[in-house]
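The values are calculated or read from the model by the stated rules, or taken from the named source; none is laboratory data. Only a predicted model underlies this, so the values are computations on that prediction, with no experimental measurement involved. Positions of Cβ are backbone-derived with ideal geometry, glycine not excepted, and every protein chain shown enters the neighbour counts.
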């Protein structure tokens, strides 16, 4: 884990308050502390607030914007591979937890549906660590975006479900090691 880095915002930036999921504008000139850089997004703190800044706004904190679209997607023929879909979901993080949603055990199902026009839609059921998590829609939207960047994917539908209820037993061995649980 890298030590926190302090940056001064170079422009106003839209962010999502953690854990509430509400949108906020952090003004230019604000000093923020980058606590996590995970899955292409940044978790920052300032004045006792925490927020997620999307990778598309990396320039606001002096970072290079990473192109997360898959340039080979239009050349792809056939369905996406399960491996590429799971790899995409491993780039999705709860901004408060430094473990991806796959290793946290939050992804319950991942299905590929062939459409009538020979395209492929993805259906993903996932849960959250707590039912009251305000970041749920933000995490689900990030999962949708990451899945739709996989070659062969037409559309991804990500649904948050609550059955079965999530427990720490669902965390992978790798996730448990990252969290210091083993």
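Quick check: is even one residue across the range 28-37 modelled with pLDDT of 90 or more and in contact with a helix residue (DSSP H, G or I) (Cβ under 7 Å, 6 or more places away or on another chain)?
Checked the range 28-37: at least one residue is modelled with pLDDT of 90 or more and in contact with a helix residue (DSSP H, G or I) (Cβ under 7 Å, 6 or more places away or on another chain).
Evaluate the range 1-8: report whether one residue or more is under 15 Å from residue 54 (Cα atoms) and either in contact (Cβ under 8 Å) with a residue 24 or more places away in the chain or in contact with a helix residue (DSSP H, G or I) (Cβ under 7 Å, 6 or more places away or on another chain) (or both).
In the first step, residues of the range 1-8 are kept if they are under 15 Å from residue 54 (Cα atoms); the result is none.
No.
Determine, yes or no, whether residue 60 is closer than 18 Å to residue 160 by Cβ and modelled with pLDDT of 95 or more.
Taking the combined requirement at face value, the residue does not satisfy it.
Checking the condition farther than 26 Å from residue 15 by Cα and in contact with a helix residue (DSSP H, G or I) (Cβ under 9 Å, 6 or more places away or on another chain), which residue from 128, 110, 147 passes?
Values: 128 fails: farther than 26 Å from residue 15 by Cα; 147 fails: farther than 26 Å from residue 15 by Cα.
Just a single option satisfies the conditions, and that option is 110.
Can we say residue 139 is more than 17 Å from residue 175 (Cβ to Cβ) and crowded, with 16+ Cβ neighbours inside 10 Å? Spell out how you get there, then give the answer.
On the way: more than 17 Å from residue 175 (Cβ to Cβ): no; crowded, with 16+ Cβ neighbours inside 10 Å: yes.
When the stated conditions are applied, residue 139 does not pass them.
Taking strands (runs of 3 or more DSSP E) that do not extend beyond the range 40-146, which have at least 1 residues that are in contact (Cβ under 8 Å) with a residue 60 or more places away in the chain?
Details: elements: 41-46, 49-53, 107-114, 120-126.
Qualifying strands (runs of 3 or more DSSP E): 41-46, 49-53.
Filter the range 18-39 for residues that are touching a residue at least 40 places away in the same chain (Cβ under 8 Å) and not in a loop (DSSP other than H, G, I, E, B) and give the result.
The first filter runs over the range 18-39 and keeps only residues touching a residue at least 40 places away in the same chain (Cβ under 8 Å), leaving 18-22, 36, 38-39.
Within the range 18-39, 36, 38 meet the criteria.
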